[in-house]
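First up is the structure itself, then whatever we jot down about it.
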Amino acid sequence: MKIFAMGDLHLSLGETVDKPMDMFGSIWADHTERLYENWKNLVSNQDVVILCGDLSWGLRLEEAMADLNWIHHLPGKKILFKGNHDLWWQSAGKLNQLYEDGSMAFMQNHCYIIEEESGRRIAVCGSRGWSCPGVDGFTEHDEKIYERELLRLQFSLEEGKASGADVLLGALHYPPTNDKMQPSGFTRLMSQYGVKTCVYGHLHGKDGFKRGLQGVYNGVAYHLVSLDYLEGIPKEVLV
């Protein structure tokens, strides 16, 4: 069994959704088809794929269902986190009732336990995240959302720790720091709870990629996994 990660699929397969991504550069041309081929070539039904938000351009759940069904039919178990553009995501409880085969887990405030054949247990813990203090234009409204997302991450990490998991794996949509790479509540929690690896998305383009924390910081290995950064190839996560 392998664990993969990717964020920012930005799908728009619904008949009423028109959001072509190639306007954002050639890397997005036919990105759905390329992702499909890469995913099918790399991922088996025994594997797990962490999806770090911004999955569908649908505004309502009925508009996003074509995209969610497309993801559902891909190989592997999918662990889905919310992104800032996932406006269709209103209730994780409701979303987790959509697919009875257990291959789609929508995460909010909780963790997902992966049982390896060796007996090792990995808890995937995370939240959407948010812009961090110190970024230009950070407002009181941002501060409220930031604090709420920290609580959601802590709830998830606490559940992972209480489960007795051998390894905690972190997942966010937003990067864990501001663009100055300064410490944040997200990096503090990841280190405090002994997370080994954290994946995140949200950043796009060469200038955007530079604003993301990469490498080991306070004992945690951080990886940017937005689709255009990975060139549409799901990244295997080693923990």
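Tell me which residues, restricted to segment 115-170, are touching a residue at least 12 places away in the same chain (Cβ under 8 Å), out of contact with any Lys or Arg (no Cβ under 7 Å at 6 or more places or on another chain) and β-branched (Val, Ile, Thr). Those that are touching a residue at least 12 places away in the same chain (Cβ under 8 Å), out of contact with any Lys or Arg (no Cβ under 7 Å at 6 or more places or on another chain) and β-branched (Val, Ile, Thr): Ile122, Val124, Val135, Ile145.
Among the candidates Leu153, Leu224, the residue that is touching a helix residue (DSSP H, G or I) at 6+ places or on another chain (Cβ under 6 Å), within 15 Å of Phe81 (Cβ to Cβ) and aliphatic (A, V, I, L, M) is uniquely Leu153.
Total residues in segment 113-169 satisfying the condition of being assigned to a loop (DSSP other than H, G, I, E, B) and closer than 30 Å to Gly76 by Cα: the figure is 12. For the criterion of being open to solvent by less than 20 Å² (accessible area, probe 1.4 Å) and either assigned to a loop (DSSP other than H, G, I, E, B) or among the hydrophobic types (A, V, I, L, M, F, W, C) (or both), Gly102 fails. Condition (residue is among the hydroxyl-bearing types (Ser, Thr, Tyr) and crowded, with 22+ Cβ neighbours inside 10 Å) applied to segment 205-219: is it met by at least one residue? Scanning segment 205-219 turns up no residue that is among the hydroxyl-bearing types (Ser, Thr, Tyr) and crowded, with 22+ Cβ neighbours inside 10 Å.
Within segment 33-56, the set of residues being assigned to a loop (DSSP other than H, G, I, E, B) and either in contact with a Phe, Trp or Tyr (Cβ under 8 Å, 6 or more places away or on another chain) or modelled with pLDDT under 95 (or both) comprises Val43, Asp47, Gly53. Apart from one condition, Leu87 fits all of (1) open to solvent by 40 Å² or more (accessible area, probe 1.4 Å); (2) in contact with a helix residue (DSSP H, G or I) (Cβ under 8 Å, 6 or more places away or on another chain); (3) among the aliphatic types (A, V, I, L, M); the exception is (2). Among all residues of segment 171-190, there is at least one that is of a type in the set (A, V, I, L, M, F, W, C) and farther than 23 Å from Ile114 by Cβ. For segment 145-189, taking the residues that are under 21 Å from Phe209 (Cα atoms) and among the hydrophobic types (A, V, I, L, M, F, W, C), the one that is surrounded by the most Cβ atoms within 10 Å (Cβ to Cβ) is identified as Ala171. The single condition from (1) of a type outside the set (Phe, Trp, Tyr); (2) open to solvent by less than 60 Å² (accessible area, probe 1.4 Å); (3) assigned to a loop (DSSP other than H, G, I, E, B) that Lys78 fails is (3). Per the listing Gln108, Gln97, the residue uniquely part of a loop (DSSP other than H, G, I, E, B), open to solvent by 60 Å² or more (accessible area, probe 1.4 Å) and closer than 21 Å to Leu59 by Cβ is Gln97.
What are the residues in segment 203-221 that are within 18 Å of Gly83 (Cα to Cα) and out of contact with any strand residue (DSSP E or B) (no Cβ under 7 Å at 6 or more places or on another chain), if any? Of everything in segment 203-221, those that are within 18 Å of Gly83 (Cα to Cα) and out of contact with any strand residue (DSSP E or B) (no Cβ under 7 Å at 6 or more places or on another chain) turn out to be Gly205, Gly208, Arg211.
The values are calculated or read from the model by the stated rules, or taken from the named source; none is laboratory data. Since the model is a prediction, treat every value here as computed from it, not as a measurement. Cβ: placed from backbone, ideal geometry, glycine included. Neighbour counts: every protein chain shown. Just so you know, the surface numbers come from the protein's heavy atoms only, side chains and all, with ligands and any DNA or RNA stripped out. Shrake-Rupley method; radii C 1.70, N 1.55, O 1.52, S 1.80 Å.
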